[in-house]
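K.L.:
Once you've had a glance at the structure underneath, I'll fire off some questions.
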Amino acid sequence: MNYKDTIRLPRTSFSMKGNMINREPELLDKWEEMDLEGLISAAGENRDSFILHDGPPYANGHVHLGTALNKILKDFIVKSHTMLGYDSPYVPGWDCHGMPIEHKVMTEAGDERSSLSRMEIRRRCREYAARFVDIQREEFKRLGVFGKWEKPYLTMKKTY
């Protein structure tokens, strides 16, 4: 007897496969095209504010499980307060200074690290951090986190 034939599941018109390889880019493009974050932000105007002050991740590599969990939980808090009727904007940011970034840059420099000037190390750190801000921004978007991605705060900006 084939047990598959004994299970009575409802018949539906939609696919039983998530097909996320194709669906994820479609969803991300749709959200960007309709400026979903902008629509949510506009709907929150003239409401009481709820601000989550986010401790930023270091811009020193790809998003890992701990960073992803941290960002998803914070996004859940922001979205929950938005649905409760608050104006709850999320301004993403990155810590672009410090030992985690310097360590990565010096590791990449290999044998030439002893000959690098302080200014060259700083220049490389700045470039490294800028590259990973862009990478992490896209990774956070792929996790479904909404925010003002084009205007983040970066600790390496002179205005900061």
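K.L.:
Is it true that ASN19 is modelled with pLDDT under 90, among the polar types (S, T, N, Q) and over 14 Å from VAL78 (Cβ atoms)? Talk me through it step by step, then tell me what you get.
P.N.:
Numbers: modelled with pLDDT under 90: yes; among the polar types (S, T, N, Q): yes; over 14 Å from VAL78 (Cβ atoms): yes.
Yes.
K.L.:
Filter the stretch 130-160 down to the residues that are under 18 Å from VAL91 (Cβ atoms) and in contact with a His (Cβ under 8 Å, 6 or more places away or on another chain), then identify the one that is most open to solvent (accessible area, probe 1.4 Å).
P.N.:
Per the criteria, the residue is GLU139.
K.L.:
So HIS62 fits all but one of (1) without any contact (Cβ under 8 Å) to a residue 24 or more places away in the chain; (2) open to solvent by 80 Å² or more (accessible area, probe 1.4 Å); (3) not in a helix (DSSP H, G or I); what number is the exception?
P.N.:
With (1) without any contact (Cβ under 8 Å) to a residue 24 or more places away in the chain; (2) open to solvent by 80 Å² or more (accessible area, probe 1.4 Å); (3) not in a helix (DSSP H, G or I) applied to HIS62, the lone miss is (1).
K.L.:
For the stretch 32-44, what are the residues that are in a helix (DSSP H, G or I) and open to solvent by less than 80 Å² (accessible area, probe 1.4 Å)? Show your work before the answer.
P.N.:
Of the residues in the stretch 32-44, the ones in a helix (DSSP H, G or I) are 32-33, 36-43.
Result: LEU36, GLU37, GLY38, ILE40, SER41, ALA42, ALA43.
K.L.:
Moving to a separate point now. Scan the stretch 13-31 for residues that are aliphatic (A, V, I, L, M), open to solvent by 100 Å² or more (accessible area, probe 1.4 Å) and assigned to a helix (DSSP H, G or I) and report the count.
P.N.:
Going through the stretch 13-31 one residue at a time, the tally reaches 2.
K.L.:
Turning to a different aspect of this structure: So which residues in the stretch 73-102 are hydrophobic (A, V, I, L, M, F, W, C), in a helix (DSSP H, G or I) and loosely packed, with under 14 Cβ neighbours inside 10 Å, if there are any at all?
P.N.:
Residues satisfying the conditions are LEU73, PHE76, MET83, MET99.
K.L.:
Kindly establish whether ARG47 is more than 22 Å from the chain's Cα centre (by Cα), surrounded by 11 or more Cβ atoms within 10 Å (Cβ to Cβ) and in a loop (DSSP other than H, G, I, E, B).
P.N.:
yes
K.L.:
Residue by residue through the stretch 78-115, note down the ones that are farther than 20 Å from ALA130 by Cα and basic (Lys, Arg).
P.N.:
The answer is LYS79, ARG113.
The values are calculated or read from the model by the stated rules, or taken from the named source; none is laboratory data. Small disclaimer: the values here were computed from a predicted structure and weren't measured. Backbone-built Cβ (ideal geometry, glycine too); neighbour counts: all protein chains shown. What goes into the accessible areas is simple: the full protein's heavy atoms, side chains included, and nothing from ligands, DNA or RNA. Shrake-Rupley method; radii C 1.70, N 1.55, O 1.52, S 1.80 Å.
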